[in-house]
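The values are calculated or read from the model by the stated rules, or taken from the named source; none is laboratory data. What you are looking at is a predicted structure, and each value in this text was computed from that prediction instead of being measured. Positions of Cβ are backbone-derived with ideal geometry, glycine not excepted, and every protein chain shown enters the neighbour counts.
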Amino acid sequence: MLTFHSQDTKKRQAKTELDGGRLVTPYECPERVDMIIDAVRQRGLGEIRSTQAYGLDPVLAVHDAAYVMFLEQAWHDWVAAGLHGEPIPSIWPARRLRADAIPDHIAGKVGYYALAAETSLCAGTFEAAQASKDVALSALDHVLDTGEHAFGLCRPPGHHAAIDQYGGYCFFNNAAIAAQRALDTGANRVAILDIDFHHGNGTQDIFYERDDVLFLSIHGDPRQEFPFFLGHADETGRGAGKGFNCNYPLASGTAYPEWSDTLDDAIDRLSDYQPDLLIVSVGVDTFEHDPISSFRLKSDDFTDCGQRLKQAGLPTLFLMEGGYAVDEIGTNTVNLLSGFEAC
Ligand code: OKP
Ligand code: ZN
């Protein structure tokens, strides 16, 4: 399987993440990319290809234009306002405050467009987010052109990024951008299966009222886990989208027997939908030693997971989301991809 990769994804080098009550070095670090590339090479997964530039049109097909402009300007505006450190929101349009009046001041704008506070903005964030979606789209085009499966080594991840909100280390929703482009270039139906530990609230948000994208997510129960305010089992879609959103919240401590039963159920639903393309939002933060997550998958389980995904028998685009056990991220990711290739 080909891997698509861009060094520009490493242009985001934030210094701070709000972790509990402390500022720490971000878990979502550029070294994650190097570790995965090293493993792809060492294990001989296949050729590594560079990316093409697709511009902002495919981003604007799923995200709000003012939100995209905000991301482009935020770092500059923060510095120009004389603020120090990295942009972190400190106020939001919470219940009964006005969410229909976007502030002019950057400190207010950050709160308007952020869905969480852990994710600081920094000088290279917008460039890295652009590179990340170019990775996704380059890999997509390979799948569409050849019918072969492909892996897009996206970074920063995307699945928490909603129509007009960033957070959870995500800025542009790479999977949603790829799904929309697939539809715009001839696909009738796309399925997105999100196996990251965290619920893909952004992807759900973008497609919640649509029946041309089926969204399935297996994740830590939002009663206990980030993003806390979306991802429950009763969120099944709205309007035309009713029945095309499917959440599988699982308890903290879930290990592979229960997780893989859930995966099989999701794969059955995928097969019923008969999509033209499957996009897998791949997170390996389900790993037992992930520093911010609480499932208990072992490294070998990722290989088995890849084998099960192959049973769906669909043209498949794998896009990287989370995984923060940096020493094992390469092994776990390539286990999944090579499990899929092997059968
Ligand atoms: C992004 B992805 C530790 C808690 C961090 C945010 C998690 C974002 C996960 N400071 N909460 O889904 O892997
Ligand atoms: Zn995650």
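Structural remarks
- Within segment 303-333, restricting attention to residues that are away from ligand 2 (no atom under 13 Å from the Cβ) and assigned to a loop (DSSP other than H, G, I, E, B), the residue that is farthest from Ile177 (Cα to Cα) is Gln311.
Here's the yes/no breakdown for (1) at pLDDT 95 or above; (2) within 13 Å of ligand 1 (Cβ to nearest atom); (3) over 19 Å from Gln224 (Cα atoms); (4) crowded, with 21+ Cβ neighbours inside 10 Å:
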position: Ser293; (1), (2), (3), (4): yes, yes, no, yes
position: Leu309; (1), (2), (3), (4): yes, no, yes, yes
position: Met320; (1), (2), (3), (4): yes, yes, yes, yes
position: Gly339; (1), (2), (3), (4): yes, no, yes, no
position: Cys343; (1), (2), (3), (4): no, no, yes, no
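- Selection from segment 174-201 of residues that are crowded, with 24+ Cβ neighbours inside 10 Å, outside any strand (DSSP E or B) and either without any contact (Cβ under 8 Å) to a residue 40 or more places away in the chain or within 12 Å of ligand 2 (Cβ to nearest atom) (or both): Ile195, Asp196, Phe197, His198, His199, Gly200, Asn201
- Subset of segment 250-280 [within 20 Å of Ala175 (Cα to Cα) and not hydroxyl-bearing (Ser, Thr, Tyr)]: Leu263, Ala266, Ile267, Arg269, Leu270, Gln274, Pro275, Asp276, Leu277, Leu278, Ile279, Val280
- Verdict on His159 being part of a loop (DSSP other than H, G, I, E, B) and crowded, with 21+ Cβ neighbours inside 10 Å: yes
- Scanning segment 202-221 for residues that are outside any strand (DSSP E or B), in contact with a Gly (Cβ under 8 Å, 6 or more places away or on another chain) and more than 12 Å from ligand 1 (Cβ to nearest atom) gives Gln204, Phe207, Tyr208, Glu209, Arg210, Asp211, Asp221.
Residues checked against (1) more than 28 Å from Asp38 (Cα to Cα); (2) part of a loop (DSSP other than H, G, I, E, B); (3) touching a Ser or Thr at 6+ places or on another chain (Cβ under 8 Å); (4) away from ligand 2 (no atom under 16 Å from the Cβ):
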residue	(1), (2), (3), (4)
Gly237	yes, yes, no, yes
Tyr248	yes, no, yes, no
Asp272	yes, no, no, yes
Asp285	no, yes, yes, no
Ser338	no, no, yes, yes
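- Given (1) farther than 26 Å from Asp164 by Cα; (2) out of contact with any helix residue (DSSP H, G or I) (no Cβ under 7 Å at 6 or more places or on another chain); (3) not small (Gly, Ala, Ser), number of the condition Met35 does not satisfy: (2)
- Contact map, segment 292-310: first residue farther than 18 Å from Ile279 by Cα, second residue of a type in the set (Val, Ile, Thr) and in a loop (DSSP other than H, G, I, E, B), Cβ cut-off under 7 Å, separation 6 or more or different chains; pairs are Ser293/Thr286; Phe295/Thr254; Phe295/Thr286; Arg296/Thr254; Leu297/Thr286.
- Selection count, segment 150-164, where residues are out of contact with any Leu (no Cβ under 7 Å at 6 or more places or on another chain), more than 10 Å from ligand 1 (Cβ to nearest atom) and of a type outside the set (Gly, Ala, Ser): 4
- Filter result (among the aliphatic types (A, V, I, L, M), out of contact with any Ser or Thr (no Cβ under 6 Å at 6 or more places or on another chain) and farther than 18 Å from Ala116 by Cα) within segment 193-231: Leu193, Ile195, Val213, Leu214, Leu216
- Scope segment 13-28; condition surrounded by 19 or more Cβ atoms within 10 Å (Cβ to Cβ), away from ligand 2 (no atom under 16 Å from the Cβ) and over 16 Å from Pro87 (Cβ atoms); matching residues: none
- Of Tyr27, Tyr54, all but one fail to be in a loop (DSSP other than H, G, I, E, B) and farther than 17 Å from Thr119 by Cβ; the exception is Tyr54.
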